[in-house]
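Working notes, beginning with the structure itself.
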Amino acid sequence: DSADFDSETESVCPFCGVGCKVSLKVKDGKIRYVEGINGPANEGRLCVKGRFGFDYIHHPHRLTKPLIRREDAPEKGLNVDPDELSGHFREATWDEAMTLAAKGLMALRADDPRRVAGFGSAKCTNEEAYLFQKLIRQGFGHNNVDHCTRLCHASSVSALMENVGSGAVTATFNEIENADVAIVIGANPIENHPVAATYFKQFTKRGGKLIVMDPRGVGMRRYAEEMLQFRPGTDVSMLNAIMHVIVEEELYDSQYIHRWTENWDAEKEHLRDFTPEKMAPLCGIEAEQIRRVARMFAGAKAGMIFWGMGVSQHIHGTDNSRCLISLALMTGNVGKLGAGLHPLRGQNNVQGASDAGLVPMFLPDYQPVADDAVRRVFTEIWNSEDFSGEKGLTVTEIMDAVHDGMIRGMYILGENPAMSDPDVEHARDALAKLDLLIVQDIFLTETANYADIILPASALYEKNGTVSNTNRQVQRVRPAVPPPGQAREDWQITVDLARRIGLNWEYGDVSEVFAEMKKTMASLDNITWERLERESVTYPSLSPDDPGQAVVFGDGFPREGGKARFTPASIIPPDETPDADYPMILTTGRQLEHWHTGSMTRRSKVLDAVEPEASCSLHPKTLRRLGVAPGEPVALTTRRGSIRIMARADRAIAEDMVFVPFAYVEAAANVLTNPALDPYGKIPEFKFAAVRVEKV
Ligand code: SF4
């Protein structure tokens, strides 16, 4: 009852890309209850994370004062107990910490501006992401700034940019209500996008046909008309075989192809070799099922394709997405109601942070850094000198450049590469090597363990600004409670630092940052701060009254000539394949209760009580073969390292696979993962590594 609370504030859930709108109920200065309200993506619904994952913001581990590493601190590393900080760090005033940070950054800049790189965060608002990329570009003159999109959908975006001309979804996930067939591939929405999954389930209840494709028997299979549990890493062979059937049986949409696409002849010719009979032994799906699925999707009046990181986190992630784009194009399934391409975004603002230019190759709205005219627009608005037109380094390349000695200082805002990077020991060694590491966060994360200066920041429910979800819906977030102690909003800290390194920044309020973004981002046309006070708006919005376009590209694509492109994809095997020493396949991901590196959800009482311990999933037959009972520990070893973790039985996983969630520092999955990169999106192969599993 409203009377039970002192205040109620509308904001957006901080976890996944669905972007559920919430009402935060506060009593005695603390959030006590979270309720789903009528946002465009959730219509009142929330999952367990949204409903119960809020008390971390009042956790005693919250950073409340700036910290500076003690001169006599032990060696940098994962050895700081959050309850015993004083042996490693001393408390400082904001002025002392910021002066030290600015001095350190300026000294490195004087040596060579490329000594400094930045990781921003998809946990921040659009305004914070915009300011962060501006700080690196204007303050250091280069583009070595990135964030976790690199580890998430970078390959999907590179394929979409190449073939469709835009990196965002072509239709909202809610459009599934107008579809009659939908594919969900390499995604586990029941655990990772639970509210989106409720729309998928409803779709099947009203007769929609769902096709699920995944090497794991993900929960969505229970609702599927067809479940294709293909061999890991064989997406291209399976998808090309499906498209081969569509070509062979002439099920494609000639009119659409002729009107809206290019390079069809090359695609058709390329697909000739990929017969289902030839591909079946590779992907492990019977030729007859491949034919059935091809006919089902091509026969749809309107079909949608959803994909997740099972598609993108491979060295052939861009090729996987190229296949999905080709499949949608050849069946005419882009640009009409109930049809489209939808990579399900991971973090709550990974779409917005990418849109705001927090990537090394693009300025806001995906305007290329290499384009002189584009840079001129920005330097005029920023009243600053030109910066490099060379694409910057990506997340994993920045870590390599630290090892090479080129980069010696980093400013990391809200990211946790000491847990989230592939081959994480390599990343941790890089962090330990830095001369200057400034970490801005709400907890002493594993990354902050390596910091020289720690700046206490705000959780999303303490912030003012905007975020953009997987559906391209721009929504306001508002502070329900103030940050604890002396902690500040991230945008204020970045502005303070920018001014101290000599930049001409004058922002009185976060709405002024949004106003500046509008000058550089056509996607925000007709979306004003005032409108966002009242409503969420999907971009593009065609007029001040238009709630925004749920479906785009009905009248052409933002590419030269207005046409989308077919880019044929060939089979590229995973970077490493199982052998006698490492006979099984490791795949990693998230689970329903925990979020990414666990810093928030493992400090949320209910979520931590439900999933308190790290566990890996193995098939019961594999467990029997190993002589391991569920609940007993196993050792997992790859060419990068080894972890010990509890085994759990899971019939949905193939007998030669093991699944490990990456939220647990005591059994960090990324000690094991392979840093090999997709050459286009520069995304690591988190979803495939050769591994040995042993009883301990
Ligand atoms: Fe939050 Fe995603 Fe759950 Fe919605 S579905 S409540 S955005 S975690």
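A few remarks follow.
Quick grid of which residues meet (1) touching a Gly at 6+ places or on another chain (Cβ under 7 Å); (2) farther than 30 Å from Val510 by Cα; (3) touching a residue at least 40 places away in the same chain (Cβ under 8 Å):
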| site | (1), (2), (3) |
| --- | --- |
| Ala401 | no, yes, yes |
| Asp404 | no, yes, no |
| Asn416 | no, no, yes |
| Arg428 | no, yes, yes |
| Arg476 | no, no, yes |
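- From the list Ile683, Ile645, the lone residue that is under 29 Å from Met399 (Cα atoms), at pLDDT 95 or above, open to solvent by less than 10 Å² (accessible area, probe 1.4 Å) and not small (Gly, Ala, Ser) is Ile645.
- Complete set of residues in region 354-383 that are out of contact with any strand residue (DSSP E or B) (no Cβ under 7 Å at 6 or more places or on another chain), small (Gly, Ala, Ser) and at pLDDT 95 or above: Ala356, Ala370, Ala373
- Criterion violated by Gly485 - all others in (1) on the phi > 0 side of the Ramachandran plot; (2) of a type in the set (Gly, Ala, Ser); (3) assigned to a helix (DSSP H, G or I) satisfied: (3)
- Filtering region 24-40 to residues that are within 13 Å of the ligand (Cβ to nearest atom), open to solvent by 10 Å² or more (accessible area, probe 1.4 Å) and part of a loop (DSSP other than H, G, I, E, B) leaves Ile37, Pro40.
- Hey, Lys123 modelled with pLDDT under 95 and open to solvent by 10 Å² or more (accessible area, probe 1.4 Å) or not: yes
- Odd one out for Pro66 among (1) more than 16 Å from the ligand (Cβ to nearest atom); (2) open to solvent by 10 Å² or more (accessible area, probe 1.4 Å); (3) in contact with a helix residue (DSSP H, G or I) (Cβ under 8 Å, 6 or more places away or on another chain): (2)
- Unmet requirement for Asn383, which otherwise passes all of (1) open to solvent by 40 Å² or more (accessible area, probe 1.4 Å); (2) of a type in the set (S, T, N, Q); (3) closer than 27 Å to Arg472 by Cβ: (3)
- Test: Val12 is more than 7 Å from the ligand (Cβ to nearest atom) and touching a Phe, Trp or Tyr at 6+ places or on another chain (Cβ under 8 Å): no
- So Arg90, is it open to solvent by 30 Å² or more (accessible area, probe 1.4 Å), away from the ligand (no atom under 16 Å from the Cβ) and either polar (S, T, N, Q) or not in a helix (DSSP H, G or I) (or both): yes
- Subset of region 96-132 [out of contact with any Asp or Glu (no Cβ under 7 Å at 6 or more places or on another chain) and in a loop (DSSP other than H, G, I, E, B)]: Asp112, Gly120, Ala122, Lys123, Thr125
- Check on Met98, in contact (Cβ under 8 Å) with a residue 24 or more places away in the chain, more than 17 Å from Ile454 (Cα to Cα), out of contact with any Pro (no Cβ under 6 Å at 6 or more places or on another chain) and hydrophobic (A, V, I, L, M, F, W, C): no
- Number of positions in region 526-583 that are more than 16 Å from Arg476 (Cα to Cα), of a type in the set (D, E, K, R) and surrounded by 15 or more Cβ atoms within 10 Å (Cβ to Cβ): 5
- Filtered residue count, region 188-209, keeping only those that are more than 13 Å from the ligand (Cβ to nearest atom) and either among the aliphatic types (A, V, I, L, M) or under 18 Å from Ala300 (Cβ atoms) (or both): 8
- Filter pass, Pro74 being over 30 Å from Asn143 (Cα atoms), away from the ligand (no atom under 16 Å from the Cβ) and touching a helix residue (DSSP H, G or I) at 6+ places or on another chain (Cβ under 8 Å): yes
- The residue that is farthest from the chain's Cα centre (by Cα), among those in region 248-272 that are touching a residue at least 12 places away in the same chain (Cβ under 8 Å), more than 16 Å from Gly562 (Cβ to Cβ) and part of a loop (DSSP other than H, G, I, E, B), is Glu249.
- Scanning region 402-417 for residues that are closer than 18 Å to Leu151 by Cα and either touching a Lys or Arg at 6+ places or on another chain (Cβ under 8 Å) or open to solvent by 10 Å² or more (accessible area, probe 1.4 Å) (or both) gives Gly414, Glu415, Asn416.
- Scanning region 502-549 for residues that are among the basic types (Lys, Arg) and free of Cβ contacts under 8 Å to residues at least 40 places away in the same chain gives Lys518, Arg531, Arg534.
- No other residue among Ala154, Ala129, Ala179, Ala159 is over 26 Å from Ile242 (Cα atoms) and of a type in the set (Gly, Ala, Ser) apart from Ala129.
- Check on Val628, at pLDDT 95 or above and not in a loop (DSSP other than H, G, I, E, B): no
- A count restricted to region 231-245 and to residues that are farther than 16 Å from Met309 by Cβ and assigned to a loop (DSSP other than H, G, I, E, B) stands at 2.
- Among the residues examined, Arg639 qualifies as touching a strand residue (DSSP E or B) at 6+ places or on another chain (Cβ under 9 Å), open to solvent by 50 Å² or more (accessible area, probe 1.4 Å) and either of a type outside the set (A, V, I, L, M, F, W, C) or not in a loop (DSSP other than H, G, I, E, B) (or both).
- Selection of region 41-58 for residues being in contact with a helix residue (DSSP H, G or I) (Cβ under 9 Å, 6 or more places away or on another chain) and open to solvent by 50 Å² or more (accessible area, probe 1.4 Å) yields Glu43, Arg45, Arg51, Phe52.
The values are calculated or read from the model by the stated rules, or taken from the named source; none is laboratory data. Since we're looking at a predicted model, the values are computed, not measured. Don't worry about glycine lacking a Cβ; one is built from the backbone with ideal geometry, like all the others, and counts go over all protein chains shown. Just so you know, the surface numbers come from the protein's heavy atoms only, side chains and all, with ligands and any DNA or RNA stripped out. Shrake-Rupley method; radii C 1.70, N 1.55, O 1.52, S 1.80 Å.
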